[in-house]
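I have placed the structure first, in the form of structure tokens, so that the comments after it can refer back to it.
The values are calculated or read from the model by the stated rules, or taken from the named source; none is laboratory data. As the structure is a computational prediction, the values presented were derived from the model and not from experiment. Cβ atoms come from the backbone with ideal geometry, glycine included; neighbour counts cover every protein chain shown. Only protein heavy atoms, including side chains, enter the accessible area calculation; ligands, DNA and RNA are left aside. Shrake-Rupley method; radii C 1.70, N 1.55, O 1.52, S 1.80 Å.
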Amino acid sequence: GENVEQHPSTLSVQEGDSAVIKCTYSDSASNYFPWYKQELGKRPQLIIDIRSNVGEKKDQRIAVTLNKTAKHFSLHITETQPEDSAVYFCAASTATSGTYKYIFGTGTRLKVLA
Amino acid sequence: KAGVTQTPRYLIKTRGQQVTLSCSPISGHRSVSWYQQTPGQGLQFLFEYFSETQRNKGNFPGRFSGRQFSNSRSEMNVSTLELGDSALYLCASALGENSPLHFGNGTRLTVT
């Protein structure tokens with residue numbers, strides 16, 4: 001069945017450095033790719049998303065890139081801060097005639113060291 | 001605008017019992033999906049409803065079931081509880097397909 005692979009599972013960076021999390025999806029019909037951040041004890045919240053007709057999207061220190069040919073998308077966080085420490089989930093959504101699927105990656109625990 | 005509301009926040013049940021969890025989506029959202037989250041296991045998809053119809057179901061046993069009402073509120077039921085069902089159950093609502101999910105705070109179920 002369809003799946004989304006996410007790497008790495010854990011990532012430690014020094015404050016101020018950049019962090020990159022990568023996801024690969026299997027369903028070529030996927031056309032929406034959101035990223036969620038879940039802080040300890042809290043609900044997952046959307047931080048950025050990208051649709052299949054766009055290659056890159058940026059929001060302040062956060063950016064997402066999409067390579068449809070390789071079926072690969074990545075989250076980039078620049079100038080990391082301690083409050084960026086959380087678990088990050090990627091997802092791939094597929095909506096075709098009569099079918100709708102929203103598949104999450106397994107998550108990346110990001111630790112920003114002060 | 002009120003967010004997604006899940007009740008109850010905490011539940012303690014014993015093996016063999018059944019449980020019903022409730023989710024009220026954001027007003028106007030017709031899609032409601034449910035996820036099981038255990039430590040280190042990420043978000044495991046249970047099922048998704050849209051306009052009272054189940055559109056998709058994850059790989060969970062038949063003990064897990066759900067439904068959606070005409071006002072978009074949703075319930076999920078777990079029968080014959082097992083110790084392994086202990087988890088945080090998250091509900092999320094969305095406007096429609098390929099839309100951001102808005103999660104509730106979850107119901108933490110403990111099975112003893």
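If you go through segment A:81-114 one residue at a time, how many are closer than 19 Å to A:Pro8 by Cβ and exposed (fewer than 14 other Cβ atoms within 10 Å of the Cβ)? Going through segment A:81-114 one residue at a time, the tally reaches 1. B:Glu48 passes every criterion in (1) part of a strand (DSSP E or B); (2) of a type outside the set (A, V, I, L, M); (3) on the phi > 0 side of the Ramachandran plot apart from (3). Against the criterion of being away from chain A (no Cβ under 14 Å), without any contact (Cβ under 8 Å) to a residue 12 or more places away in the chain and more than 19 Å from A:Lys101 (Cα to Cα), B:Gly16 does not qualify. Here B:Ser22 meets each of (1) closer than 18 Å to A:Val4 by Cβ; (2) open to solvent by less than 30 Å² (accessible area, probe 1.4 Å); (3) in a strand (DSSP E or B) with one exception, condition (1).
Would you check which residues across segment B:27-50 are under 20 Å from B:Lys1 (Cα atoms) and open to solvent by 20 Å² or more (accessible area, probe 1.4 Å) and list them? Correct list: B:Ser27, B:Gly28, B:Arg30.
Are any of the residues in segment A:20-42 touching a residue at least 40 places away in the same chain (Cβ under 8 Å), acidic (Asp, Glu) and either open to solvent by less than 10 Å² (accessible area, probe 1.4 Å) or within 14 Å of chain B (Cβ to nearest Cβ) (or both)? Yes, segment A:20-42 contains at least one residue that is touching a residue at least 40 places away in the same chain (Cβ under 8 Å), acidic (Asp, Glu) and either open to solvent by less than 10 Å² (accessible area, probe 1.4 Å) or within 14 Å of chain B (Cβ to nearest Cβ) (or both). Of the residues making up segment A:62-80, just one is open to solvent by 60 Å² or more (accessible area, probe 1.4 Å) and either touching a helix residue (DSSP H, G or I) at 6+ places or on another chain (Cβ under 9 Å) or touching a residue at least 60 places away in the same chain (Cβ under 8 Å) (or both), namely A:Glu79.
When residues in segment A:1-13 are screened for being farther than 12 Å from A:Leu110 by Cβ and either open to solvent by 70 Å² or more (accessible area, probe 1.4 Å) or not in a strand (DSSP E or B) (or both), 5 of them pass. Taking segment B:48-76 as the range and being over 18 Å from B:Gln18 (Cα atoms) and either touching a Ser or Thr at 6+ places or on another chain (Cβ under 7 Å) or more than 14 Å from every other protein chain (Cβ to nearest Cβ) (or both) as the test, the residues that pass are B:Glu48, B:Tyr49, B:Phe50, B:Glu52, B:Gln68, B:Phe69, B:Ser70, B:Asn71, B:Ser72, B:Arg73. Filter segment A:36-69 for residues that are modelled with pLDDT under 95 and hydrophobic (A, V, I, L, M, F, W, C) and give the result. Answer for segment A:36-69, where residues must be modelled with pLDDT under 95 and hydrophobic (A, V, I, L, M, F, W, C): A:Leu40, A:Val54.
Can you tell which of B:Leu95, B:Leu81, B:Leu101 is more than 22 Å from A:Ala95 (Cα to Cα) and either modelled with pLDDT of 95 or more or within 14 Å of chain A (Cβ to nearest Cβ) (or both)? Among B:Leu95, B:Leu81, B:Leu101, only B:Leu81 is more than 22 Å from A:Ala95 (Cα to Cα) and either modelled with pLDDT of 95 or more or within 14 Å of chain A (Cβ to nearest Cβ) (or both). Looking across segment B:61-98, the residues that are touching a residue at least 60 places away in the same chain (Cβ under 8 Å) and open to solvent by 20 Å² or more (accessible area, probe 1.4 Å) come down to B:Ser79, B:Thr80, B:Glu82, B:Leu83, B:Leu95, B:Glu97.
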